[in-house]
Each structure stands twice: as C-alpha cells, then as structure tokens.
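The values are calculated or read from the model by the stated rules, or taken from the named source; none is laboratory data. Keep in mind the model is a prediction, meaning the values are calculated, not measured. Methodologically, a virtual Cβ is constructed for each residue, glycine included, from the backbone with ideal geometry; neighbour enumeration extends over all protein chains shown.
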Amino acid sequence: MKKISKYHLIFLGALAQMNALDFGAMGNTSIGMGGAGVALQSSAFGAYYNPSLISIDSKIRFGYTLGARYSQRNIDRLTQFDFKSMISNANSLVQSAGAGGGGTGGTNATADKQKVEALYKDIKNLGDIFSQNHLAITSQNGISLQIAPGSMRGSFGSLAISYFASFYANISGSSDIANKQLVVKSNSDYYKVDANGNPTKTNEDDYKKHSIIAAIDNNQLANMATTNLLLQEVPLTYAYTFFFENSNLNLGVNLKYINALFYQQRVDIGKDTNIDKIVSDFKANIPSKSANNFGIDLGISYEIDLPKFQGLTFGFVAKNLNYPSFDFDTTKLTIKPQYRLGIAYNNPLITFAFDADILPNEMLSFSDEPQLSQMLAAGLKFDLRYLDMRVGVAKDIRQDNGFIFTTGINIFGFFDLAFQIGTKGAYDSLMPRYMALQLGGSFSF
C-alpha cells in the first residue's frame, strides 16, 4: 500500500476546499476595450459587469458572445525540466565523492562542487515553478436581453434576463520541495550534501523523509491536478434610476440561479512522469458532478448630466455577495465576492472607460501559493455609425503576463470580433502567456 505523506494530505485538503474565480470577461465591447465595463453605457452585457447599467439609457438591447482565452504561468518551464538528468547528476556525485575521498581534494572536488551547485539550482528552480503555476483555458459565452424603454424606465424600472455559460479548464501543481534536502544514497550508505559539496553521513530515515532524490524516485516530488468547471448562470436583473437636476443615480441587482458541473483528477509527479503528455492530453472532460445554488450581485452607477457636460459615469459592482458554494462529494467550491470600480466618458463618437479590481480575486489552481488576479483595464471606442472600432490595454498586477493589448471591431452590429494578447512570452518561447478571442454581436433600439 502506498504511503500517504503529510504533504499529500495537505494537497488533498486543498483539493477538498477551493475558492474561485477571477472577475472574468463577457461581451465583445468590453473585451475590445481592455475588459473595462463597470461604467460603460453602450454594452449589451451590462447585467454581467454592473446590473445598474441596464437602466442607464432608454433602450432595448440584445447581445450574444462566445469565445475563449488562454493563460499559463511556469507550466512551460515544468515541461522542460529534466528530472532524469537531475537524478543522474546526484548519483554521479555520490560515486565521485566516494572515490575521491569525500569530495575534499583532487579534480573530483571541483567536479563535485559543480554538480552540487547544479542540483541546488534545480531545487531552487523547481521551488519557483511550483510556488506559482497554472495552465488555464477559459470560455465565457452568453446572451442577454436588456429591457429599458423610456416609459418603463421612468416609472417601474428596467429589466434584463441573461444566460451566461463559463467553462474553466485548469492544470496546476503543488510540491513541498522547499522542505527537501540533497540527501543521496550510495550502496547501503546515505549522505547529506551541503551547498559546497561536502557530504555528511546520515541514515535511511532521513533519506526517506527529506531527500528530494527519494521523492523523485518514488514519484512523490509533487502533485498536479486537472480541473474542469462549467458554471451556468441565469440572472434576473432589475435596476431603477433616480433622476436629479444635474445627475442620475442608477441602482441594480442580479438574482441569479447558478448550476455548476465539476470534474477533477490528480497525478503524482516523479521520474516516471511525462509532463509533456499530461499537458498535450489536457482537454475537456465530461463533468461528473453537479450542484446548484444562487448568487446576488449589486451595482451602482452615477451619471453627470450637466447642460454642457454629459456622459461622465462612475460605476461600482459587488458580485456574488452571498458566497455561493457547491458541494461535489469530496470537494467544495466557494465563489468569493468580487469588487470592481469603473469610470467612463460616454460620447456618441468616442467613448473612454477605465476599470480596476478593488481586491485580488483567487483563480482556480492548486499551486503552493494562491494564484491571484487583479485587473486594471482601459479602452477607447470609436463609433462610426455602421462600424465601430475599439482599442485597449489591461494589466493583471498579480500575474506575470506583461501588458495585455486589446482590439475589436463591430460591423453592422451583429458581427463583432475582439482579440487580446499579452506582451510577456513563455519560457524560451515567443508564445504569449495570455491570449483571448471573442466573437459576438448586439443591436439596440
């Protein structure tokens, strides 16, 4: 029977309790503008970004969107790490130390020191990789109908009904490599080797508990988890506008039914693990567990309506205020609240928008340190009647993706394409760490 270490229990505990997700992106207008949408008037997906926005003008809007985004951190470094070479280097060090008098003189001493330095560098690199890592593919799709005709908006209020389907697929790993030491085995003897290449004799128990070489040999160096999560949300949105002499205040609420479908599996990492195969086989699995709950979002937007200055809007949204949670037998998923501020200048020809996450949001991953996301986003939209174009830039201050440049184009309303790409490339590659592509459309009257 395979022995379950304390580290394995910690990892399984992490799998049993997850806190997610990031704020996300829905609708092509905002995606083309860096992801800013909390104070944006012209989006058909105001119900997603800020429920108060559905009452910000007297229109009926319909929109659809579908697409995907990709991001990764340190998984590419993991696929290139040579575990077998690390073990071979350690074994060679033990043999050399034994033949050269413990690595204290002659040519062996220099060679041993070089090998020890290489091994400690490997340990440091692995510790860095497992502290922050993930490979994520996300697809957010939806349709939304916002109903706010003038007569209804000024009396009863505004309504919207939407369907949002968000699919999250993730690979991430965790390890206690920081607690490992360079303890090696030579025949029936055991040695603990310091950073200068000096071996000290130790025992088998020390080797089993603390040796990174033993962990690799026994396929207990680390664990990786593959997770698929499909969230289906049906929000019913209500918003009301309070009209003042030189400003308007909009308040909105989402009451949303949420269905979650979940699949997860765990893989041990060691000398027999083919990391490339795990990543290449990374695909959507049919979720095996289902759970239901409801969520509450609140939104506020405040419009400046001066005679010679109109269109400046401030927005704030708080999503999932009730901490909706889902039990999947051995795993519990809790979606924590998400808070975002926004400002926009909404002009018929040129629109500017800026959003900022107030607090970091936890991502769906199992690395040693929580993977966090905290977005800053800004964008411009140029409306040319039958054609509008959008550009933007975003920065996730918690992720190492560089700047994310965005663009989008809308032709006749119903054909809309948006694209995002990060400036930071993968390890030893020009492949960006972040990309997104979204197709959609909308119309209003």
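Worth pointing out:
- Cβ pairs under 9 Å, 6+ apart, first in segment 387-414 and more than 15 Å from residue 437 (Cα to Cα), second part of a strand (DSSP E or B) and of a type in the set (Lys, Arg): 388/381; 389/381; 399/73; 400/73; 401/73; 401/395; 402/395; 403/395
- Residue match in segment 127-135 (condition: modelled with pLDDT of 90 or more and assigned to a strand (DSSP E or B)): no
- Segment 65-80, subset of a type in the set (Ser, Thr, Tyr) and touching a helix residue (DSSP H, G or I) at 6+ places or on another chain (Cβ under 6 Å), residue surrounded by the fewest Cβ atoms within 10 Å (Cβ to Cβ): 79
- Only listed residue being at pLDDT 80 or above and hydrophobic (A, V, I, L, M, F, W, C), chosen from 53, 93: 53
- Test: residue 359 is crowded, with 17+ Cβ neighbours inside 10 Å, of a type in the set (A, V, I, L, M, F, W, C) and either without any contact (Cβ under 8 Å) to a residue 12 or more places away in the chain or in a loop (DSSP other than H, G, I, E, B) (or both): no
- Test set (1) closer than 27 Å to residue 263 by Cα; (2) surrounded by fewer than 20 Cβ atoms within 10 Å (Cβ to Cβ) - residue 142 fails condition number: (2)
- Residue count for segment 148-158 under the criterion of being surrounded by fewer than 17 Cβ atoms within 10 Å (Cβ to Cβ) and either assigned to a strand (DSSP E or B) or at positive phi (or both): the result is 0.
- Where strands (runs of 3 or more DSSP E) fall entirely within segment 287-344, those with at least 2 residues that are touching a Leu at 6+ places or on another chain (Cβ under 6 Å) and surrounded by fewer than 17 Cβ atoms within 10 Å (Cβ to Cβ) are at 289-306.
- Some residue of segment 152-164 being touching a residue at least 12 places away in the same chain (Cβ under 8 Å), over 21 Å from residue 255 (Cβ atoms) and touching a Ser or Thr at 6+ places or on another chain (Cβ under 8 Å): yes
- Some residue of segment 415-423 being acidic (Asp, Glu) and either within 19 Å of the chain's Cα centre (by Cα) or over 16 Å from residue 140 (Cβ atoms) (or both): no
- Unique match (being within 14 Å of residue 24 (Cα to Cα), surrounded by fewer than 16 Cβ atoms within 10 Å (Cβ to Cβ) and out of contact with any Cys (no Cβ under 7 Å at 6 or more places or on another chain)) among 437, 364: 437
- Qualifying residue in segment 174-192 (condition: within 20 Å of the chain's Cα centre (by Cα), closer than 30 Å to residue 327 by Cα, buried (at least 16 other Cβ atoms within 10 Å of the Cβ) and not hydroxyl-bearing (Ser, Thr, Tyr)): no
- When residue 414 is tested against (1) of a type in the set (Phe, Trp, Tyr); (2) loosely packed, with under 15 Cβ neighbours inside 10 Å; (3) out of contact with any strand residue (DSSP E or B) (no Cβ under 6 Å at 6 or more places or on another chain), only condition (3) is not met.
- Selection from segment 333-374 of residues that are out of contact with any helix residue (DSSP H, G or I) (no Cβ under 9 Å at 6 or more places or on another chain), among the small types (Gly, Ala, Ser) and at pLDDT 95 or above: 344, 356
- Among the residues of segment 411-445, those identified as of a type in the set (S, T, N, Q) and not in a strand (DSSP E or B) are 423, 429.
- Members of segment 191-210 found to be modelled with pLDDT under 85 and either among the acidic types (Asp, Glu) or assigned to a strand (DSSP E or B) (or both), listed by number: 191, 192, 193, 194, 199, 200
- In segment 378-396, residue farthest from residue 170 (Cα to Cα) [restricted to those that are in a strand (DSSP E or B) and in contact with a Phe, Trp or Tyr (Cβ under 7 Å, 6 or more places away or on another chain)]: 388
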